[in-house]
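Participant: This is the structure I want to talk about, given as structure tokens.
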Amino acid sequence: SGQEGAVFQSRLPFSKMTPNEEACFPDISRSGILGHRVFLNIRNGLLHMWVDNPKTQLTFENALKRLPPPFDSDPNLVRRVHSFLERHGFINFGIFKRITPIPIKKLGKVIVIGAGISGLAVGQQLQQFGMDVIVLEARDRVGGRIATFRKNSYIADLGAMVVTGVYGNPMTILSKQIGMDLVPIQQTCPLYGPDGKPVPKEKDDVIEREFNRLLESASYLSHRLDFNYAGNNPVSLGDALEWIINMQDKAVQEKRAAHMQEIIAAQTKIIEHRKRLKSILQKIATLKSELQTLVRQRVPKGAQNENGYACQEYTIRTTQIKLEDLVNVEAELRNEGHKMELKLQELEQNGPSQVYLSSRDRLILDWHFANLEFANATRLDNLSLKHWDQDDDFEFIGHHTTVRNGYSCVPVALTENIDIRLNSAVKEIKYNSKGVEIVAENLKTSNSQMTYKADLAVCTLTLGVLKVAVTQEEETQHGNTVKFDPPLPDWKQQAIRRLGFGNLNKVVLCFDRIFWDPNANLFGHVGSTTASRGEMFLFWSISSSPVLLALVAGMAANIVESVTDDIIIGRCMSVLKNIFGNTSVPQPKETVVTRWRSDQWARGSYSYVSVGSSGSDYDLLAAPVIPPTSFEPHFSKEAEELPRLFFAGEHTIRNYPATVHGAYLSGLREAGRIADYYLGYP
Ligand code: 2PF
């Protein structure tokens, strides 16, 4: 709340200048602590005004009026801070009521390729900065990987659907500007086993703890023991996890071997003991017969001399004592033997578990792995052990929410006042030191090509589409192939190849009634094999109408794309019937199956840090491209070095990749960068 909350919401440090701010305000940076304080008070004050009321443009004049003295005493500094915040997308972004009109005289022309959330963000910003913007979009709709299915009262998001965390998330500001119906997700997720029966909560908890321990061990391997290469090959998260599981298995086997040895030792002791008992018994028997003989041959007192009699009685007495002693020893031995038998029994009954995980437990663990494969949109053995979670520190806090009225309300709202050409598939991106020429095909009117000339272009093609662009040989060009002329520089191509682009699919099932627990937003289904663990492993129920969303992740995500809808729906239905009973599950009224990998305008779902890649590849994908120096004579050195190709999108933002907010922020970032290059400093 208050000013501190507003600064936190803007992802800036409250009492420190960022390196970017220091670079843009060298004079303040050089000045003493007082100058810093004045700057921070102005900056934080402006952020507070904006976050408090993002529905109205925050003009410099209004900001100055509302700043408390003495921070209003240097209007020029306030103007500079205001411009800085505006240019870098900290204030006046999104959809808000304008007080000053957008400049009529245009300051440069821009083509934005792609009308996903990043393209719309960059378009909105550049438009408001006074540039002439055209957005080219191949699909017949905006939003790209934000896509909402709407039919009758059914609403379901086929692409992004979760706003992940509230604080610091630009979507929080957008939700105040437009009608986003954000609903917190109930995180509890009951699991159903392969047999359809509920997995007991305690069992679920134990395995989840084991899952977390395994991840911690993998992190320890990587970051503490620096175990990131096997030979020359970087290690994947999946490899590391399997090794740890094998090691645990080995440890269990070793414990078992040690236990067996204990049993053998106990048995040996018992055998020794029995031998001793046997020899004592023999001795007792011998003594007994000796004693009997002595007693039988006893000569009465008067029948022999005194000495002989005493000797005879002494022998009998000592033999009796010896016998008594031996009988005592026997009793003791029997007692000891009994204890030994008991100990052996206990050892035999309380052995360590036979295996690290029972096969049933392993499948529950596999469910958690599937969930991780969903979050990363790929199999665990494709993820870099060292870098797969490099963006973790930047995760927003606060609850996760879904957009109940469908996420597409956001991209649709962001189309306001921008010139968007739908059904325009870009085929060629030519760039040189003078500008760009974009060749696009109109998909509605066949064979009609348009060439758009501009000063620069912003490319928001997905990483999947870029991969096709840099790997295509001269082979037949079918579907969505984009040619860069000249080809992208090598460093860019390498990064495009290295970074991973994953897959994730959804099955939408619309029913006429709810037959699941209406209080749970989620329930999980444990697959019957490790290989199929990602197949409909999670069901979402977030709509106010009876709609279930099944997720298909990991290996299953790609497999499912070559299977017909009927088969996939059939699989879903059998999973649901297994859980809720044959008679409780009605036929769905409407169904949709996504195939993001086969979608030519996406070619996958979102980026991941693959084995051999790292967070810095995101930076390389974000870096603008300066056209190679032409051989023609040139006179204006300055123009020569301007980048003409800029890049935005989910795959270009190191700290927030694979998300809607990341894509959005990448658009704000590029607009700021372009304005810095082309509009100068205000
Ligand atoms: C055009 C195309 O037609 C496009 O219109 C455009 O270019 C390019 O735009 C998660 F991932 P674009 C989720 F919940 O929209 C996490 F990491 O494709 C999550 F917590 C996480 F931590 C979570 N195009 C053209 N035009 C012209 N000419 C031409 N030749 C051409 N080719 C193509 O890209 P973009 O970069 O602008 O926007 C990307 C974002 O939308 C994605 O990052 C986002 O959708 C990813 N995503 C999710 N993000 C999220 O914030 N929450 C989610 O719920 C989440 N969900 C996501 C997704 C993506 C589900 C799916 C199926 C994540 C979980 C999941 O529910 C595909 C997909």
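The values are calculated or read from the model by the stated rules, or taken from the named source; none is laboratory data. Only a predicted model underlies this, so the values are computations on that prediction, with no experimental measurement involved. Cβ sites come from the backbone with ideal geometry, for glycine too, and all protein chains shown count toward neighbours. Remember, those area values only see protein heavy atoms, side chains included, never the ligands or the DNA or RNA. Shrake-Rupley method; radii C 1.70, N 1.55, O 1.52, S 1.80 Å.
Participant: What does the charge dipole of the stretch 237-379 about its Cα centre add up to, to the nearest 20 debye, if the Cβ of each Lys and Arg holds +1 and the Cβ of each Asp and Glu holds -1? Kindly include the intermediate steps, with their values, before the conclusion.
Facilitator: Working: 21 positive and 20 negative charges, 187 e Å.
Once rounded to the nearest 20, the dipole reads 900 debye.
Participant: To continue, here is another question. Shape of the stretch 424-487 from its Cα gyration tensor (a ≥ b ≥ c, root eigenvalues): rounded if a/c is under 1.5, otherwise prolate when a/b > b/c, or oblate?
Facilitator: Values: a/c = 1.72, a/b = 1.10, b/c = 1.56.
Cα axes put the stretch 424-487 in the oblate bin.
Participant: Which value, in debye to the nearest 20, describes the size of the charge dipole of the stretch 1-119 about its Cα centre when Lys and Arg Cβ atoms bear +1, Asp and Glu Cβ atoms bear -1, and nothing else is charged? Let's see the in-between values first.
Facilitator: Details: 16 positive and 9 negative charges, 92 e Å.
So the dipole magnitude of the stretch 1-119 works out to roughly 440 debye.
Participant: For the chain, what is the accessible area per residue in Å² when the probe is 1.4 Å?
Facilitator: That works out to 49 Å² per residue.
Participant: From the backbone phi of the stretch 179-190, what are the Karplus-calculated ³J(HN,Hα) couplings (6.51 cos²θ - 1.76 cosθ + 1.60, θ = phi - 60°) in whole Hz, Gly and Pro given as x?
Facilitator: 3J(HN,Hα) across the stretch 179-190, in whole Hz: x, 8, 8, 7, 10, x, 8, 6, 6, 4, 9, x.
Participant: Which residues among the stretch 327-365 fall inside the zone where the amide N is under 20 Å from a point 7 Å beyond the Cα of Lys203, along Cα→Cβ?
Facilitator: Inside the label zone: 353-365.
Participant: Shifting gears a bit: Over the heavy atoms of Ser31, what accessible area does a 1.4 Å probe trace out, to the nearest 10 Å²?
Facilitator: Surface accessible to solvent at Ser31 totals approximately 40 Å².
Participant: Say the dipole of the chain comes from +1 at the beta carbon of Lys and Arg and -1 at that of Asp and Glu; which of Val7, Leu668, Gly612 then lies farthest toward its positive end?
Facilitator: Of the candidates, Val7 comes out farthest on the positive side.
Participant: Can you bin the stretch 308-419 into rounded, prolate or oblate? Criterion: square roots of the alpha carbon gyration tensor eigenvalues sorted a ≥ b ≥ c, rounded for a/c under 1.5, prolate for a/b above b/c, oblate for the rest.
Facilitator: Working: a/c = 6.59, a/b = 6.16, b/c = 1.07.
Verdict is prolate for the stretch 308-419.
Participant: Now for a separate question. Taking the dipole about the Cα centre of the stretch 333-449, with the C-beta of Lys and Arg at +1 and of Asp and Glu at -1, give me whichever of Gly398, Gln449, Val412 is farthest to the positive side.
Facilitator: Gln449
Participant: Applying a 10 Å radius around every beta-carbon, put 125-133, 293-301 in order of their mean neighbour count, most first. The partial results should precede the final answer.
Facilitator: Working: 125-133: 22.0, 293-301: 10.4.
Output ranking for 125-133, 293-301: 125-133, 293-301.
Participant: If each DSSP helix of 4+ residues adds -39,500 (n - 2.57) and the sum is divided by the residues in the chain, what number results at 222 nm, nearest 500 deg cm²/dmol? Please list the in-between numbers first.
Facilitator: Details: 20 runs with 298 residues, N = 682.
About -14500 deg cm²/dmol.
Participant: Please label the shape of the chain as rounded, prolate or oblate, based on the square roots a ≥ b ≥ c of the eigenvalues of the alpha-carbon gyration tensor (a/c under 1.5 means rounded; beyond that, a/b larger than b/c means prolate, else oblate). Before the final figure, lay out the partial values.
Facilitator: On the way: a/c = 3.01, a/b = 2.49, b/c = 1.20.
Prolate, since a/c reaches 1.5 and a/b exceeds b/c.
Participant: If a helix is a whole DSSP H run, which ones in the chain reach 15 Å or further along their own axis (Cα) and hold a mean Kyte-Doolittle hydropathy of at least -0.5?
Facilitator: Numbers: long enough: 33-52 (28 Å, 0.48); 75-87 (18 Å, -0.56); 117-128 (17 Å, 0.21); 201-223 (33 Å, -1.02); 237-296 (88 Å, -0.30); 306-349 (64 Å, -0.93); 359-376 (25 Å, -0.35); 565-580 (22 Å, 0.82); 660-678 (27 Å, -0.18).
Qualifying helices: 33-52, 117-128, 237-296, 359-376, 565-580, 660-678.
Participant: Name the residue from Ser175, Ala240, Ala258 whose Cα lies farthest towards the positive end of the charge dipole of the stretch 140-261, charges +1 on Cβ of Lys and Arg and -1 on Cβ of Asp and Glu.
Facilitator: Ser175
Participant: When the accessible area of the chain is computed with all protein chains present and a 1.4 Å probe, what percentage of it is carbon and sulfur? Don't skip to the end; give the middle numbers.
Facilitator: On the way: 17420 of 33150 Å².
The nonpolar share, carbon plus sulfur, comes to 53 percent.
Participant: Roughly how big is the chain's charge dipole about its Cα centre, with Cβ charges of +1 (Lys, Arg) and -1 (Asp, Glu), in debye to the nearest 20? Before the final figure, lay out the partial values.
Facilitator: Working: 76 positive and 76 negative charges, 188 e Å.
Computed about the Cα centre, the dipole is about 900 debye.
Participant: Ok, one more. Accessible surface of Arg256 in the full protein assembly, 1.4 angstrom probe, to the nearest 10 Å²?
Facilitator: 80 Å²
Participant: If packing is taken as the average number of other Cβ atoms within 10 Å across a peptide's residues, how do 110-123, 13-26, 366-379 rank, most packed first? Walk me through the numbers before you get to the answer.
Facilitator: Working: 110-123: 29.7, 13-26: 13.8, 366-379: 23.6.
So the peptides 110-123, 13-26, 366-379, ranked by packing, come out 110-123, 366-379, 13-26.
Participant: While we're looking at this one, here's another question. At 1.4 Å probe size, what's the solvent-accessible area of Leu67? Round to the nearest 10 Å².
Facilitator: Counting only protein heavy atoms, Leu67 exposes about 10 Å² to solvent.
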